[in-house]
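Written below as structure tokens is the structure these notes are about.
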Amino acid sequence: MTTVPGLAGRKEWLALVVLALPLLLVSMDISILFFAVPAINADLSPTSTQLLWIFDIYAFVLAGLLLTMGSLGDRVGRRALLMVGTVFFGGASLMAAYATGAGMLIGARALLGVGGACLLPSTLSLIRSIFTDQAQRAKALGIWSAVLISGVSVGPVLSGVLLEFFWWGSVFLVNAPVMVLLLVLAPRMLPEFKDPRPGPFDALSCVLSLGAILPVIYGIKELGAHGTDVRPIVAIAAGLVVGCLFVLRQRTSRAPLLDMELMRLRAFHGGVGFAMISSWAMIGFAIFTTQYLQSVKGMSALEAALWSLTPAIGIFLATGLSTALAQRLDHAFVVAGSFTLTAAGFLFLTQVRADSPLWMVLVGAGGLSAGVAATMPLLTGMVVGSAPPERAGVASATLQTGQELGGAVGLATLGTLGGAVYRDNLDESVPEGLPAQALEAARETLAAAELVAGQLPDVLGRGLLAAARDAFTDGLNTVALTAAGVLLSAAVLVVLLMRGAAGPAGADTAARIPAGRRSGAVAVATAENDGSDSGGRSHPGV
């Protein structure tokens, strides 16, 4: 059997299966602790501050190190970095599973973030290098996006199932055997790629990137959780100042962490920007769906998690359809259509009420999930395809950093908006005779209102619970309407700003940079984009 030169064969598609293993675990670990909080509280007795860090440290470290690890992978080799990340992730998973205190668990989650930062850009940049045919790469990126989104959805379900039968550490222990399998398969199934002319490693840029990203994400999360306060505002301001210093450093460095020539490309900066909007919508709204199923519909954690999987059916259908359409249409039009589908899902959710049938929220959530999933492979293809192959690690890390930042902003802004509507509507609809202290406690969250309602006389408690559920649903409706407006605006902007940035087949744009403006890294890409080998790739026998 002969293969067409440039087309991926069975070996390359098997390599994609291997790359899906770490991707699934890294994305699952973002959400796998959702239902483990009561068990962790009972066993480790963390303070409220420690509990927040147990949740947040993973995402903080992951987001802060993505750019650094993407650049490092371009230098030392993406498969090599993947192997290092596998060891970190597997070892940290064992440490987390058998943590004997809150501090040990926080440290283990931080190490998981380090491992995840090694794994994520490596998986995406290896796909960029393995699949040289643009149509096949689009399909591979569609699978990558579907696995990434599905991992976030599967995490809570797996957590709920494991907690039914085992102790809380089991949610981490499932990572270890997969990491061992990856250590065995990766050297055999994955080729190695690296930048043949990487230049010196810019340690100062790495420090500045951390100093810019971590304070901003921390500040946004704190504003969303606790409202306006001096500390998060100062953190965001400090991060923005360091971010300006980071940009100045990239303009003057001999080997910048982020190639500023890439930022000039519409496909690159536009893809990152619109991916941030997708992440803002998806992650920012996820908590409302979860709370609606549990606190409004009264489902158990496991039941809610299983029902929340139903929108995942649309994810795989949408990624396949968008990839097929992108072979015939300008990517900007397909992304605009996907944003419109997402907005339609949000608009449908504006009609959901506390007593609405379950299918209504599932249909709305399915529509927005499918819309976001349809945009992911196209925007990812724009960003990764616009970078030269030897800079795919940094391009991947830039995209994923933007998505992390978009998700943090979504949680803060949409969460704050929903909370404000909930409190205002609850104040206007609480039953007469409710004690002031009970109202003050119930105004915090819907879950708090449920606890308060259980301590009140029967009639008064039922009245408070009904009012709280209606107020929460009103907040959900308002957030959905706001998100729909943003997504419809994004659909218009992507056509106006991105039309022609990527061709029907996802054509690479790196080769279209004027010769006089190419940096050293981009100039090297010209030969590879024309079909010659840069010398930066090796092909092990498989």
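The values are calculated or read from the model by the stated rules, or taken from the named source; none is laboratory data. Values in this document were obtained by computation on a predicted structure and should not be read as measured data. Please note: Cβ atoms are built from the backbone with ideal geometry, for glycine as well, and neighbour counts cover all protein chains shown.
Quick look at the values:
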quantity	calculated
Test: residue in segment 158-168 that is among the acidic types (D, E) and not in a helix (DSSP H, G or I)	no
Residue selected from segment 404-423 under the condition surrounded by 24 or more Cβ atoms within 10 Å (Cβ to Cβ) and at pLDDT below 80, by the criterion farthest from V486 (Cα to Cα)	A408
Residue match in segment 350-360 (condition: assigned to a helix (DSSP H, G or I) and either crowded, with 21+ Cβ neighbours inside 10 Å or of a type in the set (V, I, T) (or both))	no
Enumeration of residues in segment 155-203 that are without any contact (Cβ under 8 Å) to a residue 60 or more places away in the chain and surrounded by fewer than 16 Cβ atoms within 10 Å (Cβ to Cβ)	F165, F166, P177, V184, P200, A203
Hits in segment 424-438 - residues which are outside any loop (DSSP other than H, G, I, E, B) and buried (at least 17 other Cβ atoms within 10 Å of the Cβ)	N425, L426, A438
A449, sole failed condition from (1) assigned to a helix (DSSP H, G or I); (2) surrounded by fewer than 19 Cβ atoms within 10 Å (Cβ to Cβ); (3) of a type in the set (G, A, S)	(2)
Selection status of G142, buried (at least 23 other Cβ atoms within 10 Å of the Cβ) and assigned to a helix (DSSP H, G or I)	yes
Criterion: surrounded by fewer than 24 Cβ atoms within 10 Å (Cβ to Cβ), without any contact (Cβ under 8 Å) to a residue 40 or more places away in the chain and not assigned by TED's automatic domain parsing to the domain that holds E404 - qualifying residue of G103, G90, G107, G77	G107
Members of segment 171-214 found to be touching a Leu at 6+ places or on another chain (Cβ under 6 Å) and at pLDDT 85 or above, listed by number	L208
Boolean, A96 is under 16 Å from M28 (Cβ atoms), in contact with a Lys or Arg (Cβ under 9 Å, 6 or more places away or on another chain), crowded, with 21+ Cβ neighbours inside 10 Å and in contact (Cβ under 8 Å) with a residue 60 or more places away in the chain	yes
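Here is a yes/no grid of residues against (1) in a helix (DSSP H, G or I); (2) closer than 19 Å to P156 by Cα; (3) under 23 Å from the mean Cα position of the chain (by Cα):
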{"position": "I40", "(1), (2), (3)": "yes, yes, no"}
{"position": "L65", "(1), (2), (3)": "yes, no, yes"}
{"position": "A80", "(1), (2), (3)": "yes, no, no"}
{"position": "V84", "(1), (2), (3)": "yes, no, yes"}
{"position": "A92", "(1), (2), (3)": "yes, no, yes"}
{"position": "G107", "(1), (2), (3)": "yes, no, yes"}
{"position": "A135", "(1), (2), (3)": "yes, no, no"}
